[in-house]
Amino acid sequence: PERLGGSGGLQASARFLPREELTAPAGVVSQHARRNQPDGRRRQLLSRQEARARLQAAGSPESFRLKAAVHPVVRDRYGSLLEALFSEWKELGVTVEVASTDMASFIQAMGRGEDYDLGIMRWTADYNDPDNFTHNLFQSATGQFRSYYCSEEADEILEAARRETTTAAREALYRRFENLILQSDFIVPLFHDVGFRLSNPLVRGLRLNNTYPAVNYARLGKAATTAPALRAASDEGGSLQIPMRASINMLDPALCQVLEEGEVLSSIYETLTQVVEGRIQPRLVQEFHVEEGGRTYRFRLREGVRFHDGRRLTARDVRYSFERLLAEPGQSRREQLSAIKGARGILEKTGTELSGFHIHSARDFTIELTSPVSFFPVLLSDMSTCVVPEGTRGPIGGSYKEGAVGTGPFRVVRFEPGRRLDLERNPFYWRDGYPRSQSLTFEFGKSAAEILSGFRAGRFAIASDLDPVDVETLRRDPVFAAAYREAPSLSTYFILFNRHRGPMADPAQRRRVAAAVDASLLVKQTLGRRAIPAHGLIPPGLLGYESTPSGSANPPNSTPLSGDARGAAVEFTASVHPTFAGEHAAFYGALEAGFRAAGIGIRSATGSVPEYLESWVQGSTDMIIGRWLADYPDTDTFFSAFRYAWAYVGSPDLDELIVHGRTQTDPTVRHALYRQIEEILRRETLLVPLFHEQVYRFARPELEGMVVSFTYPTVAYETLHLRRR
């Protein structure tokens, strides 16, 4: 029966050889199954309906019985796993008869594979080398399990591995063997046992080994008295509470789309690269190199990085995370990985694998692109590309024990969607000395007044998202002024017209509406120091930006719209970002007042963030009154907005310029290309720039380590801690 081991809801590891810190792999050894197994990948599960269909196609009867040899330890210690396995198979009409009753009968069954259909076995290493799990088990002349599986091809590989003296070459041979047994589907790996001991507090010197003896008995000792109590955890950096006006309702980085989600998830998950003071630097990777003129990138992961549950980070986790992101239909930012070979197939559902992702070892891999992307490492700093463990499936639960597992400085203790997120220090974090605080709590859905009062009272460690008048008040307060930090953000707020349908398809109509907006005056009246007026889509500091506008977006002969021929006001529909109902409500109120004075009515057709994002794809309104926050510190991220809003402003000439800018490596040429795009937007009045925002944070006087960045996370929360008293 094809893929019997992967039917139903059971998920098995795709590897047979154990990692260096684990012992005792257990698995099913089958006499019959065949399947093509992708190189080094986890098994793809079948539904029961798919499994039944394949059994029928193979000519199997509706029900049949398998005779099994089962290791007594597996049967006794892991009876619940066997029960679940047999229950899944029974749903397919397959029953299992356990024919071995004790250790003696199981040992006899090990050498008589011809009498059994499968064995459910375990193997604990006799010596600390892969040879013990390969040649010792499956060599055709002497292998312990040779009556279940052996082959001439396997013998050649294993004999070569025994003779080989270089580590890298041996590793490659064992990978070949592992791929062989997985592709032939004779073996379904289940799990690796984890050894443990509990010791009395007085015991000293205890160490565990992954081979026998498991305990270093010769070095054990016992203290005369108990050791002094450790310092209370609350004294080690403190517990911090961070308020947010936004509501965060999920913990899946593959679904991360808005700034507030990235701000929170950055404490749980991490990316391969990061932006520090405007420069791209390694994060989870130790180093990366560009090859073949930007078509290939070589990466090496840091050594010793672990996930929140203790698992080691490997290149397979990276590949899985990228493929998982590309397969997520609700994630618009997955297009950032579309240049990788094989990505387009996943996006279009014609494939499932990244053919351009090549794993060379547990820590080394290369990524091939279909065409050069000069800023590809920058794309890998986006939160949606965060690495999760291989096999992670949605929906991600409310703690690290329920799937919310990353490599970040904090791990999830409890999550109440839309209300609260409790994090604790990650005991496996790879950066020594971090995080500086013991725990971190985000409180969501707080109003500006609640944030201000909680901050003044000492409940909240940080304050932001305040009303403009309160920002200026705190800036003049001697208690809080010294701990104020700000930075220019890579953001642009704008009005984007729908050139493809409705009244805004008329260029004259667009010009008249744009003429009613005086962004400089509105910013001065409502935002003050918190923003600077924009005269283009590109914010300061990026290629394509110029400090003075090249021309007015509204030609001199444009006149404000005062109504239709009968004198009635004209109303347009708009997709309005929720921030204009919250933090920037004063600006939006002044904008609406300016439109009303010009005889223009704006009716918001969206309320929530999902509705707002959906409208971008559908082109369902006359205009977007929104914002774009940089996913990565490169101009391309601002013009990639047009890929998501193609229904509003997309055109072949814009697409051609954007693609040319992505592949061009000369900064001078890229700058000129981006100026051409800005000129098209200005000339055709497709966009009305509003402002670029300044990001800021106030910190309590007792809080230390706060630095504000122009990219998210705005604050590196792992550096925050309370001053020792």
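So here's what we get for this one:
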{"read-out": "Residue tally, condition open to solvent by less than 50 Å² (accessible area, probe 1.4 Å), more than 20 Å from Gly528 (Cα to Cα) and not hydrophobic (A, V, I, L, M, F, W, C), over the range 584-601", "value": "2"}
{"read-out": "Residue satisfying all of: in the range 97-148; β-branched (Val, Ile, Thr) and in a loop (DSSP other than H, G, I, E, B); surrounded by the most Cβ atoms within 10 Å (Cβ to Cβ) among these", "value": "Thr134"}
{"read-out": "Where Glu693 falls short, out of the listed (1) in a helix (DSSP H, G or I); (2) out of contact with any Asp or Glu (no Cβ under 8 Å at 6 or more places or on another chain); (3) of a type in the set (D, E, K, R)", "value": "(1)"}
{"read-out": "Enumeration of residues in the range 471-491 that are crowded, with 18+ Cβ neighbours inside 10 Å and over 22 Å from Ala716 (Cα atoms)", "value": "Leu474"}
{"read-out": "Restricting the range 711-725 to residues that are assigned to a loop (DSSP other than H, G, I, E, B) and surrounded by fewer than 21 Cβ atoms within 10 Å (Cβ to Cβ), the residue that is modelled with the lowest pLDDT", "value": "Arg725"}
{"read-out": "Residues that are open to solvent by 70 Å² or more (accessible area, probe 1.4 Å) and either among the β-branched types (Val, Ile, Thr) or farther than 20 Å from Thr635 by Cβ (or both), drawn from the range 272-286", "value": "Gln286"}
{"read-out": "Selection status of Glu450, open to solvent by less than 70 Å² (accessible area, probe 1.4 Å) and among the acidic types (Asp, Glu)", "value": "no"}
{"read-out": "Scan of the range 34-75 for residues that are aliphatic (A, V, I, L, M), at pLDDT 85 or above and not in a strand (DSSP E or B), ordered by number", "value": "Ala51, Ala53, Leu55, Ala57, Ala58, Val73, Val74"}
{"read-out": "Number of the exception - Phe460 against (1) free of Cβ contacts under 8 Å to residues at least 40 places away in the same chain; (2) under 26 Å from Thr579 (Cα atoms); (3) open to solvent by less than 40 Å² (accessible area, probe 1.4 Å)", "value": "(1)"}
{"read-out": "Out of Glu368, Glu390, sole residue that is over 30 Å from Pro417 (Cα atoms) and touching a helix residue (DSSP H, G or I) at 6+ places or on another chain (Cβ under 9 Å)", "value": "Glu368"}
{"read-out": "Pick from the range 60-77, criterion open to solvent by less than 50 Å² (accessible area, probe 1.4 Å) and not hydrophobic (A, V, I, L, M, F, W, C), ranking: nearest to Pro189 (Cα to Cα)", "value": "His71"}
{"read-out": "Hey, Phe196 open to solvent by 30 Å² or more (accessible area, probe 1.4 Å), under 19 Å from Ala362 (Cα atoms) and in contact with a strand residue (DSSP E or B) (Cβ under 9 Å, 6 or more places away or on another chain) or not", "value": "no"}
{"read-out": "Residue pairs meeting the criteria (Cβ under 7 Å; at least 6 apart or on separate chains; first in contact (Cβ under 8 Å) with a residue 60 or more places away in the chain, in the range 195-210; second charged (D, E, K, R) and in a loop (DSSP other than H, G, I, E, B))", "value": "Asn210/Glu21"}
{"read-out": "Some residue of the range 253-261 being open to solvent by 40 Å² or more (accessible area, probe 1.4 Å) and either free of Cβ contacts under 8 Å to residues at least 40 places away in the same chain or of a type in the set (Lys, Arg) (or both)", "value": "yes"}
{"read-out": "Criterion (under 21 Å from His535 (Cα atoms), acidic (Asp, Glu) and assigned to a helix (DSSP H, G or I)) met by exactly one of Glu679, Glu611", "value": "Glu679"}
{"read-out": "Hits in the range 326-367 (condition: among the acidic types (Asp, Glu) and either open to solvent by less than 50 Å² (accessible area, probe 1.4 Å) or closer than 23 Å to Phe642 by Cβ (or both))", "value": "Glu328, Glu335, Glu348, Asp364"}
{"read-out": "The range 602-625, residues that are within 22 Å of Arg512 (Cβ to Cβ), open to solvent by less than 20 Å² (accessible area, probe 1.4 Å) and either at pLDDT below 90 or not aliphatic (A, V, I, L, M) (or both)", "value": "Gly619, Thr621, Asp622"}
{"read-out": "Lone unmet requirement of (1) part of a loop (DSSP other than H, G, I, E, B); (2) open to solvent by 50 Å² or more (accessible area, probe 1.4 Å); (3) more than 30 Å from Pro633 (Cα to Cα) for His535", "value": "(3)"}
{"read-out": "The range 658-681: number of residues that are in contact with a helix residue (DSSP H, G or I) (Cβ under 7 Å, 6 or more places away or on another chain) and either modelled with pLDDT under 90 or surrounded by fewer than 14 Cβ atoms within 10 Å (Cβ to Cβ) (or both)", "value": "7"}
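The values are calculated or read from the model by the stated rules, or taken from the named source; none is laboratory data. In this text, all values refer to a predicted model and were calculated from it rather than measured experimentally. When we count neighbours, we look across all protein chains shown, and the Cβ atoms used for this are built from the backbone with ideal geometry, even at glycine. These accessible areas exclude ligands, DNA and RNA; they are computed on the full protein's heavy atoms, side chains included. Shrake-Rupley method; radii C 1.70, N 1.55, O 1.52, S 1.80 Å.
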